[in-house]
Amino acid sequence: MPEISRTLSNTISPESILTIGVNGVSTDLRLDEDFYRLGRGPANQLSYPGVAGLSREHLAIERNGGEWVVRDLGSTNGSFVNGERLSAPRVLRSGDRINAGQLSLTYTEKKSSVVFTAEEAPTTTGITMSESIEDLVGERSKDTSGHMQALITAGRELSTHLPLDKLFDLILDLSMQAAGAARGALMTVEDGELLVRSVKGHGLRVSAHVRDMVIQERRSLLVRDALTDAALKAHASIVLSQIRSMMAVPLQTDDRVIGLIYVDSSHVVKEFTKQDLSLLTVMANMAAVRIENARLAEVENAERLRAGELEHAAAIQRSMLPSQYPPFPHRHDFELHAAMVPAKEVGGDLFDFFLLDEDHLAFVVGDVSGKGVPAALFMAIVRTLLRAATRHEPSPGPCLTYMNDTLTRQYDSGMFITLFYGVLDTRTGELQYANAGHNPPYAFSAGGIREMKELSGPILGVFEDEKYETRTIHLGVDEGVLVYTDGVTEACNKAGEFYGEKRLETYLLANLSRSMDELIRGLHTGVEQFEDGAPRADDITLLAVRRRGQE
């Protein structure tokens, strides 16, 4: 495709965009204000109360002259730009990735993908606007049969099932042939940007005034002879390109303009007429409908493929997690049950359990930042890494230290995970554990419950050279531990209320005598009833283990 000559337009200025990713969903925020504060608290301009790892007031993004600066507000878990922890305010550059808890933000300076020559608006001399397509089509033409044949050809060709990239070339070819143009370009509006989809002819330059008139005012434009027009012949770009006649028409559906078609004629090739403009306008409307239909078809096909891929990914994920209960039928010295309900087809939560030897049961629950397939892939990496690490570092603290070193040095995914890893000596009742930024589990007994608030270190995969400590408690006979992810406590109903720790504690106190299977299933049911059909934003994962004494 020949390159279009491009110079900066005085009507286009860069936009600063902040793409915010949370719970697997990304949204774009145009930075129009001068200051934004982000955190869990409701007073923040960017408030995310349900995101783990965020402080009440976590970070600020503010305008400083012509630049944007990010600074941490003394958050507990820190703020990171491109994996580096912020210790001082930092000027943002396009493409910078910011991490705050389980929230990811990407700063982008967006410019138009097509830049046009900035020209003054020509006078009405030599310019004819189409008052309506019907008026133009109704005028008599010396080549009515030729124009009708062009429309018939366009209708036949546009009815074929071409992919979008080939469809753009076809539409431009038909337009240039019908108008007898020497050069042309087809452009579409994508997310506020005007992109070149097809171009024919060398040295093509498109006036900013032409673009703005067609796109913003939804008007078709005809210039009969630019070199004799007083407003245009003084422009160097017109003279150097030897443009004699030009037309531009919008690609317009019922409710919006999706692009434009531009054609011109250099030297003495042809002077366009109102009938040519009429024909091109009608063809553009036909083409716009065809483009939208093609887009819808591609979206539907992509969604079908994605649904199939997600179903396959979900099946793989299910196969990786323990699913047989009781998991160790021959063992009666402990009781264990776990379950995960993903918010989407695949989830980012992790649970696992396995015997290190005859006397030591290992179990783990984790929550990966993000949701969907990327989180599930990272979850699979962490699970594999944990099982490999336990062969060398069975003690929880050193095991998590080894995992963190591996994740921070070998994986540049920008993702991280909170993790609780415990090892129960089923003979003595000693429980060693390490908690990497995860929700504190509950230890329970017939006498009540208590929260295991002691952390061993921060989230895994962010801070290099962290050392995680091993904590120890003792479980007596019929005492146990419940480990959960924040999808439980941050489950939300239609009134905007969170399930919260108080409801979880009330449930535990009322159900301590139930089996681990019944305890987990009952809690899942209680959370679902609380949600009452409200959309679920996070995975729900639970694991409970109780010591039963010697066999």
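The values are calculated or read from the model by the stated rules, or taken from the named source; none is laboratory data. In this text, all values refer to a predicted model and were calculated from it rather than measured experimentally. Because the Cβ atoms are built from the backbone with ideal geometry, glycine has one as well, and the counts that use them run over all protein chains shown. Remember, those area values only see protein heavy atoms, side chains included, never the ligands or the DNA or RNA. Shrake-Rupley method; radii C 1.70, N 1.55, O 1.52, S 1.80 Å.
So, of the residues in the stretch 353-408 that are among the small types (Gly, Ala, Ser) and in a helix (DSSP H, G or I), which turns out to be nearest to residue 431 (Cα to Cα)? Reasoning before the result, please.
Within the stretch 353-408, the first condition is being among the small types (Gly, Ala, Ser), and the residues that meet it are 362, 366, 369-370, 372, 375-376, 380, 388-389, 395, 397.
Checking which are in a helix (DSSP H, G or I) leaves us with 372, 375-376, 380, 388-389, 397.
Values: 372: 33, 375: 29, 376: 28, 380: 25, 388: 21, 389: 19, 397: 13 Å.
Across the stretch 353-408, the extreme among qualifying residues is 397.
Matching residues to (1) modelled with pLDDT of 95 or more; (2) surrounded by 22 or more Cβ atoms within 10 Å (Cβ to Cβ):
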{"site": "404", "(1), (2)": "no, yes"}
{"site": "409", "(1), (2)": "no, no"}
{"site": "412", "(1), (2)": "no, no"}
{"site": "417", "(1), (2)": "no, yes"}
{"site": "422", "(1), (2)": "yes, yes"}
{"site": "433", "(1), (2)": "yes, yes"}
{"site": "440", "(1), (2)": "no, no"}
{"site": "446", "(1), (2)": "no, no"}
{"site": "451", "(1), (2)": "no, no"}
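Could you list, in sequence order, the residues of the stretch 350-381 that are open to solvent by less than 10 Å² (accessible area, probe 1.4 Å), within 23 Å of residue 328 (Cα to Cα) and among the aliphatic types (A, V, I, L, M)?
Of everything in the stretch 350-381, those that are open to solvent by less than 10 Å² (accessible area, probe 1.4 Å), within 23 Å of residue 328 (Cα to Cα) and among the aliphatic types (A, V, I, L, M) turn out to be 350, 361, 362, 364, 365.
Sort out which residues of the stretch 53-83 are modelled with pLDDT of 90 or more, part of a loop (DSSP other than H, G, I, E, B) and among the hydrophobic types (A, V, I, L, M, F, W, C), and write them in order of number.
73
Could you please find all residues in the stretch 469-502 being in contact with a strand residue (DSSP E or B) (Cβ under 9 Å, 6 or more places away or on another chain) and exposed (fewer than 14 other Cβ atoms within 10 Å of the Cβ)?
First, the residues of the stretch 469-502 that are in contact with a strand residue (DSSP E or B) (Cβ under 9 Å, 6 or more places away or on another chain): 469-492, 498-499, 501.
If the condition is that a residue be in contact with a strand residue (DSSP E or B) (Cβ under 9 Å, 6 or more places away or on another chain) and exposed (fewer than 14 other Cβ atoms within 10 Å of the Cβ), then 472, 474, 476, 477 are the ones that fit.
For the stretch 84-102, does any single residue satisfy the condition of being over 30 Å from residue 21 (Cβ atoms) and either at pLDDT 75 or above or open to solvent by 40 Å² or more (accessible area, probe 1.4 Å) (or both)?
No, because not a single residue in the stretch 84-102 is over 30 Å from residue 21 (Cβ atoms) and either at pLDDT 75 or above or open to solvent by 40 Å² or more (accessible area, probe 1.4 Å) (or both).
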